[in-house]
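To start, the structure under review is shown below, and the notes come after it.
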Amino acid sequence: MRKILVTGGAGFIGSNFIRMLRAKRPDVRVTVLDKLTYAGNPENLAELVESPGPGGYRFVKGDICDEALVDGLFAEEDFDRVVNFAAESHVDRSILGPRAFVETNVTGTFTLLEAARRHWRSGGEGRLFVHISTDEVYGSLAAGERSNEDSPYRPNSPYAASKAASDHLTRSYHRTYGLPVVISHCSNNYGPYQFPEKLIPLMIINALQGRELPVYGDGRNVRDWLHVADHCEAVELVCERGEAGRTYDIGSGREMENIELVRLLCDLVDEAVAACGELRRLHPFDGPRRRLIRFVADRPGHDRRYATDSSRIRDELGWTPRTELEEGLRRTVAWYIDNRRWWERVVSGEYRRYYELQYASRTNA
């Protein structure tokens with residue numbers, strides 16, 4: 001791995017991956033391509049300085065659907081790795097406006113695959129296209145069931161369907177053209193720099209501010225929660241040792257119902273505020289914050305349960321998650337408390353308008 005293109009690198013998972021890679025592999029030249037939509041934040045990479053040559057860093061603002069731009073980057077940089085994090089990823093947004101999900105997740109992936117096919121035509125030796133996908137492509141699971149790399153696809157939201165389509169395209173380029181590709185499916189990520197519309201940062205920020213905590217339906221939906229640092233380490237392993245044509249499912253194996261997760265976050269925020277006089281002054285809520293939980297009408301097509309079997313990546317590549325869920329959540333709460341300026345800027349403007357549209361019309365269930 002000498003030169004890597006990371007798409008969506010200013011987003012939550014992409015920026016965590018880049019910071020990890022720069023720290024562990026300063027010899028690798030990193031090029032970031034990001035459109036900087038609502039979830040792409042240049043502040044996530046603010047500490048990185050652009051520099052030319054081997055081991056350097058380059059940021060390019062642009063769309064993965066822009067064929068000329070993508071083709072030009074492949075020609076200029078001669079990538080031997082592509083990691084495609086770029087995606088529209090929020091299920092609620094896909095319900096409100098699915099077109100953007102098809103354009104970015106399907107057409108964008110197609111554009112990247114075509115560029116790789118053209119520029120790697122002389123041979124894929126030493127090259128790898130890593131497509132980052134989601135366990136949501138497998139659909140809702142029954143109690144006790146776990147999805148794995150051989151599970152049938154049963155996507156239930158426009159988001160999951162668009163990711164399933166991009167998976168099928170990626171796999172077809174390996175079977176038809178011999179393009180060296182790998183697909184990974186991750187479970188729900190959490191950690192620093194996550195956009196505040198996602199469940200965990202939304203609950204942390206609202207709890208700090210003493211605002212209502214909207215929980216869909218009865219809150220009994222189950223997710224496998226994976227700390228972003230563990231996911232990034234898995235992706236690095238796939239980049240280095242993944243077998244072309246292979247799929248790897250990445251999850252922590254730590255499941256929790258949404259309502260139990262929200263209650264735990266309330267307790268962690270209460271604990272943090274009680275321990276700090278300045279926080280008590282800034283957030284003078286008369287707790288406990290569990291009182292802020294409000295059940296709201298469920299979203300359409302809400303999958304009941306995801307659970308991921310990560311045996312393949314554990315057995316074949318030696319990956320294992322390092323972060324216990326409770327400790328990871330505690331660190332995440334601390335990060336959002338310590339990085340107030342970051343999320344205050346994020347939750348203003350366009351995000352605020354989206355939030356009101358998403359939740360204001362929902363009555364308490």
Checked region 140-186 for anything of a type in the set (S, T, N, Q), touching a residue at least 60 places away in the same chain (Cβ under 8 Å) and touching a helix residue (DSSP H, G or I) at 6+ places or on another chain (Cβ under 9 Å); matches are S147, N148, N156, S157, S162, S166, T170, S184
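Can you tell me which residues in region 266-298 are in contact with an Asp or Glu (Cβ under 6 Å, 6 or more places away or on another chain) and either open to solvent by 30 Å² or more (accessible area, probe 1.4 Å) or among the acidic types (D, E) (or both)? Please lay out each step first, then the result.
Going residue by residue through region 266-298, those that are in contact with an Asp or Glu (Cβ under 6 Å, 6 or more places away or on another chain) are 287-289, 292, 294.
Result: G287, P288, R294.
Do we have any residue at all in region 332-355 that's among the small types (G, A, S), crowded, with 16+ Cβ neighbours inside 10 Å and either modelled with pLDDT of 85 or more or in contact with a helix residue (DSSP H, G or I) (Cβ under 9 Å, 6 or more places away or on another chain) (or both)?
Residues of region 332-355 that are among the small types (G, A, S), as a first pass: 334, 348-349.
Filter once more, so that each one left must be crowded, with 16+ Cβ neighbours inside 10 Å: none.
The answer is no; no qualifying residue exists.
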- Would you mind stating whether R263 is open to solvent by 60 Å² or more (accessible area, probe 1.4 Å) and closer than 16 Å to L325 by Cβ? yes
Any residue that is surrounded by fewer than 24 Cβ atoms within 10 Å (Cβ to Cβ) and of a type outside the set (S, T, Y) - is there at least one of those in region 5-12? no
Of A23, A87, the only residue that is small (G, A, S) and surrounded by 18 or more Cβ atoms within 10 Å (Cβ to Cβ) is A87
task: Determine whether G55 is small (G, A, S) and either over 20 Å from the mean Cα position of the chain (by Cα) or loosely packed, with under 15 Cβ neighbours inside 10 Å (or both).
output: yes
Over region 117-160, the set of residues over 16 Å from A86 (Cα atoms) and among the small types (G, A, S) is S122, G123, G124, G126, G139, S140, A142, A143, G144, S147, S151, S157
Note on G108: of the conditions (1) open to solvent by less than 50 Å² (accessible area, probe 1.4 Å); (2) under 26 Å from E255 (Cβ atoms); (3) under 19 Å from the mean Cα position of the chain (by Cα), unmet is (2)
In region 151-207, residues that are open to solvent by 40 Å² or more (accessible area, probe 1.4 Å), of a type in the set (V, I, T) and in contact with a strand residue (DSSP E or B) (Cβ under 8 Å, 6 or more places away or on another chain) total 0
Pairs returned, first residue in region 86-106 that is farther than 20 Å from V6 by Cα and hydroxyl-bearing (S, T, Y), second residue that is in a helix (DSSP H, G or I) and open to solvent by 30 Å² or more (accessible area, probe 1.4 Å), beta-carbon separation under 7 angstrom, 6 or more apart or interchain, are S94/P158
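The values are calculated or read from the model by the stated rules, or taken from the named source; none is laboratory data. Nothing here was measured: the structure is a model prediction, and the numbers come from that model. Backbone-built Cβ (ideal geometry, glycine too); neighbour counts: all protein chains shown. Side chains included, ligands, DNA and RNA excluded: accessible areas come from the protein's heavy atoms. Shrake-Rupley method; radii C 1.70, N 1.55, O 1.52, S 1.80 Å.
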